[in-house]
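Everything on this sheet refers to the single structure shown next.
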Amino acid sequence: MSSDAVLDFAELINRAGRGEATAIEALVRQYEPKVRIVARVLLGPALRPYLDSVDLAQSVHKSIVTGLRDNKFVAHSPDDLVGLAVTILRRKAAKHWRHLQRQRRLSGDGTARGRDELPGVLSTLSGGGTDPADDAQYRDQLDHLCNQLDDAERTILDLRLEGYGPSEIADKIGISRVALRVRLTRLRQRLQAAGVITDWL
């Protein structure tokens, strides 16, 4: 990006932060197409019945505009802006997933998953691809990963998927919150290495 383009983008960010409609529209054009695609993929079959990708994209837009106005976000380039928008999108989808699972658990609608169901749930949370062969290979990777989890790791994942918060999980399985944080970090790293989106964890 040339220095003129950097200055133009910085000026656009400043104008959007001041609430100028034309600047906000120009910024939205830079990140909205990517956000819509990621929203559709990220929701997957698990969340699609409960959350519309357009609503999710609009929520991201509102967060970005508010954050720019309040000087909470820094974006030095269009790529930074797209990255910020996608991060916000993933966090919002993960928050909605946890909320939905917690509601199911509290209302008694949640059913316990069998040992063989975890790879399918993880695959659903990561969104589906368009190539069936790639999907099958990805599912095999998840099966292998899930078979390598010990009972404590599987319990932590299951409880998190059911909407339990970290403090609740630590109390439920009888370990300290610090120990749980360490285990969650390791689980995130293993899942991310396998290509699983871990914002819900």
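Quick look at the numbers
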{"read-out": "Relative contact order for the range 3-107, counting Cα pairs under 8 Å that sit 6 or more residues apart, in percent", "value": "34"}
{"read-out": "Percent of alpha-carbon pairs separated by more than 21 Å within the range 118-193", "value": "31"}
{"read-out": "Hits among lysines - C-alpha to C-alpha of K95 under 18 Å, sequence gap 8 or more where chains match", "value": "K62"}
{"read-out": "Cα-only radius of gyration and Dmax that characterise the range 3-107, units Å", "value": "15.4, 56"}
{"read-out": "Order by protection proxy (mean Cβ within 10 Å, highest first), peptides 136-148, 84-96", "value": "84-96, 136-148"}
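Every read-out reported here was derived from the displayed coordinates using simple, explicitly stated rules and does not represent laboratory data. None of these values were measured; they are calculated from a predicted model. Heads up, the Cβs are rebuilt from the backbone with ideal geometry, glycines too, and the neighbour counts pull from every protein chain shown.
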